[in-house]
1. Taking only region 436-454 into account, find how many residues are in contact with a helix residue (DSSP H, G or I) (Cβ under 8 Å, 6 or more places away or on another chain) and either farther than 15 Å from F282 by Cβ or assigned to a loop (DSSP other than H, G, I, E, B) (or both).
2. Which count do you get for residues in region 193-208 that are without any contact (Cβ under 8 Å) to a residue 60 or more places away in the chain and part of a loop (DSSP other than H, G, I, E, B)?
3. From the list R361, R375, pick out the single residue that is surrounded by fewer than 19 Cβ atoms within 10 Å (Cβ to Cβ), touching a residue at least 40 places away in the same chain (Cβ under 8 Å) and touching a Pro at 6+ places or on another chain (Cβ under 8 Å).
4. Within region 451-500, count every residue that is among the small types (G, A, S) and surrounded by fewer than 17 Cβ atoms within 10 Å (Cβ to Cβ).
5. Among the residues of region 327-353, which ones are surrounded by 15 or more Cβ atoms within 10 Å (Cβ to Cβ) and among the charged types (D, E, K, R)?
6. Return yes or no: is A420 touching a residue at least 60 places away in the same chain (Cβ under 8 Å), part of a helix (DSSP H, G or I) and under 23 Å from Y98 (Cβ atoms)?
7. Can you run down the residue pairs with Cβ atoms below 7 Å, 6 or more apart or on separate chains, where the first is in region 293-307 and closer than 15 Å to A58 by Cβ and the partner is among the aromatic types (F, W, Y)?
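The values are calculated or read from the model by the stated rules, or taken from the named source; none is laboratory data. Just so we're clear, the structure is a prediction, and the values are computed from it rather than from any experiment. Quick reminder, even Gly has a Cβ in these numbers, built from the backbone with ideal geometry, and neighbours come from all protein chains shown.
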Amino acid sequence: MSSLWRTKSVEQSMQDTDEPGHQLKRNLSALDLTVFGVAVVIGAGIFTLGAKVAATKAGPSVTIGFLLAAVACGLAAMCYAEFASTVPVAGSAYTFSYATLGEFVAWIIGWDLVLELALGAAVVAKGWSAYLGNLFEQFGGSLTTIIGPADGFNFDWGAVLIIAILTVLLVLGTKLSARANLVITTIKVAVVLLVIVVGFFYFKASNLTPFIPPSQPVDGGGRALDQPLLQLIIGQAPSSFGVFGILAAASIVFFAFIGFDIVATAAEETREPQRDLPRGIFGSLAIVTVLYVLVTVVITGMVKYNELGPLLPDGTHDGEHATLASAFSQLNVDWAAKVIAIGALAGLTTVVMVLLLGQSRVVFAMARDGLLPRRLAKVNQRTGTPAIITVIVGAIVAVVAGFVPTSDLEEMVNVGTLFAFVLVSIGVIILRRRRPDLPRGYKVPLMPLIPILSVIACVWLMLNLVTFTWIRFGVWMVVGVVVYFLYGRRHSMVGLREDGSGMRGLAMSQEQLSATREGIEGKPLRRPEDG
């Protein structure tokens, strides 16, 4: 059992980054990292989620929900910044947990990130496909991106197309991906700024009253598993709006902030990680927080919260389908709706790209450590990217996005991300106490108060996610535990290094000495237990 808590030293993590055949190119700057962060954060959240949550959960007080989510992210960002500048290695929360909390916890968080990033990329890719059809409709055309009956098995070719294109870009090189990201991100930020400026011309302060609408019971009472876990624990009846509506809104719109942590997955490809990683993390988070608050103020000031969304036959509005574009359409500002459609398409493009990048780097780190097959962690010598893993990740995400219907998955991504934040916040306290000698490009202030507050904030948001989300998350974690005991624990490179006795220890030293040959020839290594 002691093997479950073995840690991988910071020195070993750094040494592995120079292993022949498994070495990534260091060619990213602070600007590249900030662009990556903004690129993945500004997407579905700002174009659809804000209006939907305002209409169904919190009303104008959705702004408070965004601020609460931003505070939780800011606390976690400090912990990520210290970790990333201290251990600038691919893998983000997985790598950080391996250095502090042990191999089993690291595997759990790595498995969690696999779910978060793959599911997030698939969901956003399907959103991109839907917006592609909407864009054609805005300009008077027609385009169907889903083949097959609406109520049966179908194929979303639009989602598969965008994933295929972005996978090729990521295989060709991280720097090329960063340049494409910069161009597209500039376009969508310009669109968001235009929306804010134009929206203020239609702003009415009376639409913000009441700022916190009175609590309303959910129609039909709702199922127990469909209400937030906190409400289920304390016996609160399912409801919308009011104080609990703000808390539920914060937990949901947290999805809109997911991305700044992905900056840490590119740590190993950063030229000056101790300086540039904190700048990239804090810079991207600050930019999107300001934009989110301004957009939510504008949209709830333009249209009354209970009038957001398409008009239904009974005279009410369908808040579940409220978007930023629909708010402008309701005021007959159709040209702005067209611009938003273009911005949304660009926004979702970069979100999918960076999620795929983060996913491939997490799997790369796990494979290099032996918890997944090490052969996957080969780096293409010409492009400096883990091409095999990138292609495999792209293919899996394309299958999920192309064939699997997705609904209510934002919360699955949220619970996984918040869980990672909790472990990183705990880990930064442990590493500070165990290794105060390590050089740090950034230090969390008020240690350990800030990390403790980060844990409390993240757990609080997790408790406000629906109960069914927790059940699905638990099932995924159980599957991960089974995979670890069947494969990862037996093939762990850290475990093999620690076992210095007998033939197994000899096998490990042979593997280390032949790393160069493995990188050049691409031949699988043989161990005594293989015969």
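1. 13
2. Qualifying residue count for the region: 1.
3. Within the list R361, R375, the selection yields R375.
4. 2
5. Answer for region 327-353, where residues must be surrounded by 15 or more Cβ atoms within 10 Å (Cβ to Cβ) and among the charged types (D, E, K, R): just K338.
6. yes
7. Every condition considered, the pairs that remain are V293/F66; T296/F66; G301/F203.
For every residue, the table says whether it meets (1) over 30 Å from A264 (Cα atoms); (2) basic (K, R); (3) surrounded by 15 or more Cβ atoms within 10 Å (Cβ to Cβ).
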residue	(1), (2), (3)
V288	no, no, yes
L294	no, no, yes
V298	yes, no, yes
L312	yes, no, no
A325	yes, no, yes
